[in-house]
Structure formats: structure tokens, C-alpha cells
Amino acid sequence: GAVVSQHPSRVICKSGTSVKIECRSLDFQATTMFWYRQFPKQSLMLMATSNEGSKATYEQGVEKDKFLINHASLTLSTLTVTSAHPEDSSFYICSARIHSGNTIYFGEGSWLTVV
Amino acid sequence: QKEVEQNSGPLSVPEGAIASLNCTYSDRGSQSFFWYRQYSGKSPELIMSIYSNGDKEDGRFTAQLNKASQYVSLLIRDSQPSDSATYLCAVNGGDAGGTSYGKLTFGQGTILTVHP
């Protein structure tokens, strides 16, 4: 079964609203999690690195005030898309690095559709 | 800007043939290299990781790394229709266990179709 769980797997929201996506590591602690975005027929693009107990590090061009990341525990990181617009519609995928290790697990991904 | 380039596809091979996927990267300091398989609408699945120059074999898959040429490849032997997917090359600049490990730059992907 999945070792990194994302929820929801699919979500539809209205333009201008906010939506939260959870990334949860199962059976292991993840001090670092990563959030990616994948538009149709494109590759994964790293959005941000999420570290437990500290502020996320965002990649160039990613608006930190629009994509709020919280990593409050060693097993949970959340991505909140604020004031969503149709162009934010995408496949959002998280990955988790096992604490003090070199194994990376990807979540199942979350499809966001903004209407 | 770190870049990862994959050979343009799509790639179509007959069942039982060898599929060859190629990838080049721009950051000479990259240390960790991965091949992922992604089915349509799904999250990537790790096929192989490779850290040292040379070949690494796992079942029907062989990854090859040449850091001097900044080149990494994946060979799939005895290709099966179930291998049909998009293959993503990913590069991590950090050492395994280092603080930046897991921060991956992906190539654009190569679509592989294995026809019966």
C-alpha cells in the first residue's frame, strides 16, 4: 500500500476560493517533504520544499502567498491554494524523504480543478 | 538554471524488443539520478536510482550513468505492453543523505509504447 498518502485525490473548487491538500507519511517520519505541480502533458515542476517546524522554501516563480505550505508535524505537510483560479488547475504531487535517509516516496497526487 | 533533457518521443517498440531511453543534465555537480515511470493520471513510480558511473541492473531494467558526459540512460529489455508509459528522468544535485536530497529536477518525459 501507499507509504505517502495525499488527500483529496480529486477536488473541484470555485474560482476565488481556497483549497487544502494534505500529504501524510504513513509509518515513517519525514522531516522534509516536497511539493510538485504537473500540468497536462508536461513534466513535474518542483514548487517548494517543506521542512518540519520551519518555513517552506519556494522555487523561483512560485508565489508563497498563494501556495501556503505548512509542515506542522513529522508526518503531515499541507498545501493550501488560496484564491484559486482556473490556471491553478493541475496535478499536485508531494514526496517525502524518510528522516535521516535517502529514500523518497511519492504520494498518489491530487487533481485540482478550478471552475 | 538546472536542466534535464530527454530524447524526444514518442518511442514505439515491438513486444520483446529493447527500449532505450536517454537523458542529459546540465548541472555537473549532480550526484543522484533516477528513472521514474508514470502512467496517465497517476503519480510517478521509481524504477531505478543510480549514483555511480557505470551500469546498474535490476531485472529487465539497466541504468547507465556517465558523469563525464553528463548522460544517463535506461534500457528496458524484453519490453512488454505493460511497460507502455511516460518515463521521467530526474536528477538531484545533492548526495544521498545530504540536506538537499529529494529535491528533484525532472526531464520532460519520453512516452514509450510497446505494441504486441
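The values are calculated or read from the model by the stated rules, or taken from the named source; none is laboratory data. Note that this is a predicted model, so its numbers are computed, not measured. We place every Cβ from the backbone using ideal geometry, glycine too, and count neighbours over all the protein chains shown. Each accessible area value is taken on the protein alone, full model and side chains, heavy atoms only, with ligands, DNA and RNA left out. Shrake-Rupley method; radii C 1.70, N 1.55, O 1.52, S 1.80 Å.
For B:GLN108, the residues whose modelled amide H falls within less than 5 Å of its own, excluding neighbours fewer than 5 places apart on the same chain, are B:GLN6. DSSP beta bridges confined to chain B are antiparallel in about 90 percent of cases. The distance between label points at B:LYS42 and A:THR113 comes to 2.1 nm (points 7 Å beyond Cα on the Cα→Cβ vector). With 30 Å as the limit, the listed pairs A:LYS66/B:LYS42; A:LYS66/B:LYS67; B:LYS67/B:LYS103 have A:LYS66/B:LYS67 beyond it between alpha carbons. Per-residue Karplus couplings for the range B:75-83, computed as 6.51 cos²θ - 1.76 cosθ + 1.60 with θ equal to phi - 60°, are listed in order as 10, 10, 8, 6, 4, 10, x, 5, 7 Hz, Gly and Pro entered as x. Ellipsoid fit via the Cα gyration tensor, the range A:11-63: semi-axes of 21, 16, 14 Å, each the root of five times an eigenvalue, largest first. Size estimate for chain A follows the Kirkwood approach: the inverse of mean 1/r over distinct Cα pairs works out to 14.0 Å. Taking the protein assembly as shown as a whole, the Cys residues whose C-beta sits 4.7 Å or farther from every other Cys C-beta are A:CYS13. Springs join every pair of Cα atoms under 10 Å in this Gaussian network model of chain A, and among A:SER50, A:SER18, A:SER77 the largest mean-square fluctuation is at A:SER18.
Accessible surface of the range A:7-115, 1.4 Å probe: 51 percent of it comes from carbon and sulfur atoms. Size descriptors for chain B, from the alpha-carbon set: Rg then Dmax equal 13.6, 45 Å.
Note on the protein assembly as shown: Cα-only Rg and Dmax are 17.7, 51 Å. Based on C-alpha pairs under 8 angstrom that are at least 6 apart in sequence, chain A has a relative contact order of 37 percent. Converting phi to 3J(HN,Hα) with the Karplus coefficients 6.51, -1.76 and 1.60 and the offset θ = phi - 60°, the range B:104-116 yields 9, 10, 9, x, 6, x, 10, 7, 10, 10, 10, 9, x Hz in sequence order, with x at every glycine or proline. For a modelled paramagnetic label at B:ALA17, 7 Å from Cα along Cα-to-Cβ, the residues of the range B:37-80 in reach, with backbone nitrogen under 16 Å, are B:75-80.
Put simply, chains A and B cover up around 1500 Å² of each other's accessible surface, both sides summed, when a 1.4 Å probe is used.
Shown here for the range B:1-36: GluC sites (Glu not before Pro) in loop regions (DSSP other than H, G, I, E, B) with at most 14 other Cβ atoms within 10 Å, namely B:GLU3, B:GLU15. Given springs between every Cα pair under 10 Å in a Gaussian network model of chain A, which of A:GLY16, A:GLY61, A:GLY53 has the largest fluctuation? Looking only at A:GLY16, A:GLY61, A:GLY53, the largest GNM fluctuation is found for A:GLY61. The GNM of chain B, with springs linking C-alpha atoms under 10 angstrom apart, assigns the highest mean-square fluctuation among B:SER30, B:SER40, B:SER79 to B:SER40.
Per residue of peptide A:42-55, the mean number of Cβ atoms on other chains within 10 Å of the residue Cβ is 3. With R₀ fixed at 35 Å, the C-beta to C-beta distance from B:SER52 to A:HIS7 puts the FRET efficiency at about 0.40.
Potential lengthening of the chain between A:LEU68 and A:LYS41 amounts to 7.2 nm, from the contour at 0.36 nm per residue minus the alpha-carbon distance. Whole-Hz Karplus values for the range B:35-48 come out as 10, 10, 10, 10, 7, 4, x, 10, 7, x, 10, 6, 9, 8 Hz, taken residue by residue from phi with 6.51 cos²θ - 1.76 cosθ + 1.60 and θ = phi - 60°; glycine and proline positions read x.
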